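Undergrad: Mind looking over this structure? Questions follow.
The values are calculated or read from the model by the stated rules, or taken from the named source; none is laboratory data. Computed from a predicted structure; not experimentally measured. Backbone-built Cβ (ideal geometry, glycine too); neighbour counts: all protein chains shown.
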Amino acid sequence: MIARESLRWNGWGRLGESTQMTRSREAALLAELGRRLGRPLARGAEPVELDAIRLPPPKLAPDVLARLRAACGEDGVRTSAFERVTHAVGRSLPDLFRLRRGEIEAVPEAVVVPAEEGAVAAVLRIAAEANLAVVPFGGGSSVVGGVEPRTAAGQAGALSLDTTRLDRLLRLDPESRTATFQAGIDGPSLEAALAQRGYTLGHFPQSFEHSTLGGWIATRSVGQQSDGYGGIDELLVCARVVTPAGVIRTLDVPRAASGPELNQLLLGSEGVLGVIVEATVRIRPSAARPDERGMLFRCFAGGVAAVREVARAELPVAMMRLSDAAETELSLLLRHDPARRFDPTATALSLAERLGYGAGRCALLYGAESSDARKVSTTMRRARNLLARNGGLPLGRSPGRSWRRERFRTPYLRDWLLDHGVAVDTMETALPWARLEAGHDAVVCALRSAAATHAGSGLAMAHLSHSYLDGACLYFTVLYPVEAGREIEQWRAIKRDTSEAILAAGGTISHHHGIGVDHQPWMAREKGVLGVEALRAVKRAFDPSGVMNPGKLL
């Protein structure tokens, strides 16, 4: 079970963890960002303390509380301010604004923490009878408003159903190379259980340390090395879901042609159909030697062409991450430490500039991993040769070592920048290769324009993060100065303008973040009115009383 008391209640990650930047790096970064954003940056008002947040008392009737405790145990029903606040929001940028200001729009009446499937079913039954909403809650890392305790018209309140006591490995099948887990297990616990037996799932989203298997399935997640392992949709074999209408279970077989695939309804369902309690996933032998390296390209278009060639060659790389010029420059800025007498990265880039890799240059990180060390060596050699033939300049293993060391640390930087009045938000999409470069340019332009219009200035950038035979994911980042008192208004306007640009470019509104409430306004544009109505019909079949996660997805 996730020990939430060891986590920041109003920010990302564990207490005591930080960006691990030196004072000199922090000062240099603030000065340079202030110059680029057109205003000096200084530490702003401190976030409010938890005790300062005024919460309405729980409205649950005594008999409802008694029935919930009978189902989940005395410790399985929690009504403290800490539990209600930490289960009230996820970790999106507007969530952080609300938490830091102590202005949370809605909190659950109680947090229920069932320890087995029967208790989950009992909670849904009690909620339906008491006219309560139920919001499934795993790690709470949603960045699209997927776990807010919203209620439908006439409902008396909401329960947050914390799944993280459902955290056991149930069985492992070495012949089929599958493993069955309870769905509330978090990423580190899942990988530790598999590593003890010589296996890995290979699913490492940036939220890996603070997200759950059920959450990955519910949001149709992809990991940072999905080029090699596949997204959760490719790793899922079957699942059990407790719905208000009964239990849905899909079949433990490699493939079936028995009509439309129910797994596809469960993937990305975001808790609006039921609670995922169990899942069987495809596993692989643990990687013997991962290898990640860097490559430099003269421009983004050249890097895209090279990545596309590697994808077409179907080399078993685990990842290819290509930053555009703006993101490459910011990455170098983040690494810069003026206190260091010798900076090997700066020296190498100075030499690269003499070879024509100067203004507009873009950095690629690529890697492979397998239980077979020879396979890794062969894959990396072939990838290196193919990338170099397409204009890449090898940078060696140093960028890869840096990425592996810091790959789960970036969200801590977001909190630190908010302390100094700078907001950081991300959006992502997927496009076919034929429209990818034009889509990149259009969305970055829209993001930069939106930041200038609604925040006075901003920095916009992107990287290509996940590759397919027919296209890739583009992941966008924006930094802009926060205006106190208008934080949510600024964010909403920038989100709206950028989302419109993504759809105008022909992209999906989400490649892997999901829909929640933040992307819901664009669902009908992507799915079509009939498509959305078909999903509503499925929800009515699984959840006839509208108990499950109201206001999300649909």
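Undergrad: Here is a list of conditions, (1) touching a helix residue (DSSP H, G or I) at 6+ places or on another chain (Cβ under 6 Å); (2) modelled with pLDDT of 95 or more, and residue 554 meets all of them except one; can you say which number that is?
TA: With (1) touching a helix residue (DSSP H, G or I) at 6+ places or on another chain (Cβ under 6 Å); (2) modelled with pLDDT of 95 or more applied to residue 554, the lone miss is (2).
Undergrad: Collect the residues in segment 357-387 that are among the aliphatic types (A, V, I, L, M) and in contact with a helix residue (DSSP H, G or I) (Cβ under 9 Å, 6 or more places away or on another chain), keeping them in residue-number order.
TA: The initial filter retains those residues of segment 357-387 that are among the aliphatic types (A, V, I, L, M), namely 359, 363-365, 368, 373, 376, 380, 383, 386-387.
Selection gives 359, 363, 364, 365, 368, 383, 386, 387.
Undergrad: Whether any residue in segment 90-101 is in the same structural domain as residue 422 (by TED's automatic domain parsing), farther than 30 Å from residue 192 by Cβ and not acidic (Asp, Glu) is what I want to check.
TA: We begin by selecting, within segment 90-101, every residue in the same structural domain as residue 422 (by TED's automatic domain parsing); these are none.
Within segment 90-101 (the criterion being in the same structural domain as residue 422 (by TED's automatic domain parsing), farther than 30 Å from residue 192 by Cβ and not acidic (Asp, Glu)), the answer is no, since none of the residues qualifies.
Undergrad: Which one is surrounded by the most Cβ atoms within 10 Å (Cβ to Cβ) among residues in segment 485-519 that are in a loop (DSSP other than H, G, I, E, B) and of a type in the set (Val, Ile, Thr)? Please lay out each step first, then the result.
TA: Initially, segment 485-519 is screened for residues in a loop (DSSP other than H, G, I, E, B), giving 485-486, 505-519.
Then keep just the ones that are of a type in the set (Val, Ile, Thr); that gives 508-509, 515, 517.
On the way: 508: 16, 509: 23, 515: 25, 517: 18.
Only one residue fits best here, namely 515.
Undergrad: Here is a follow-up. Six or more apart or on different chains, Cβ under 7 Å: which pairs go from a residue in segment 405-422 that's farther than 19 Å from residue 41 by Cβ to one that's assigned to a helix (DSSP H, G or I)? Could you list them?
TA: 408/208; 408/209
Undergrad: So which pairs qualify, if the first residue must be in segment 275-290 and within 23 Å of residue 146 (Cα to Cα), the second must be aromatic (Phe, Trp, Tyr), the Cβ gap must be under 7 Å, and the two must be at least 6 apart or on different chains?
TA: 279/181
Undergrad: Within segment 37-60, work out how many residues are farther than 30 Å from residue 80 by Cβ and either in contact with a Leu (Cβ under 6 Å, 6 or more places away or on another chain) or without any contact (Cβ under 8 Å) to a residue 60 or more places away in the chain (or both).
TA: Start the filter on segment 37-60 by keeping residues that are farther than 30 Å from residue 80 by Cβ, which leaves 37-43.
Checking the rest, the ones that are also either in contact with a Leu (Cβ under 6 Å, 6 or more places away or on another chain) or without any contact (Cβ under 8 Å) to a residue 60 or more places away in the chain (or both) come to 40-41.
Final tally of qualifying residues: 2.
Undergrad: In segment 520-546, which residues are surrounded by fewer than 18 Cβ atoms within 10 Å (Cβ to Cβ), part of a loop (DSSP other than H, G, I, E, B) and in contact (Cβ under 8 Å) with a residue 60 or more places away in the chain?
TA: Across segment 520-546, the qualifying residues are 544, 545.
Undergrad: Pick from segment 1-12 the residues that are surrounded by 13 or more Cβ atoms within 10 Å (Cβ to Cβ) and out of contact with any helix residue (DSSP H, G or I) (no Cβ under 6 Å at 6 or more places or on another chain): which of them is nearest to residue 99 (Cα to Cα)? Don't jump to the end; show me each part of the working.
TA: Going through segment 1-12, the residues surrounded by 13 or more Cβ atoms within 10 Å (Cβ to Cβ) turn out to be 1-2, 4, 7-12.
Now drop any that are not out of contact with any helix residue (DSSP H, G or I) (no Cβ under 6 Å at 6 or more places or on another chain), which leaves 1-2, 7-8.
Details: 1: 23, 2: 20, 7: 14, 8: 11 Å.
The qualifying residue nearest to residue 99 (Cα to Cα) is 8.
Undergrad: Could you list, in sequence order, all residues of segment 121-142 that are out of contact with any Leu (no Cβ under 7 Å at 6 or more places or on another chain) and under 26 Å from residue 168 (Cα atoms)?
TA: Within segment 121-142, 121, 122, 124, 125, 138, 139, 140, 141, 142 qualify.
Undergrad: Just one of (1) under 30 Å from residue 329 (Cβ atoms); (2) touching a helix residue (DSSP H, G or I) at 6+ places or on another chain (Cβ under 7 Å); (3) not hydrophobic (A, V, I, L, M, F, W, C) trips up residue 302, so point out which.
TA: (2)
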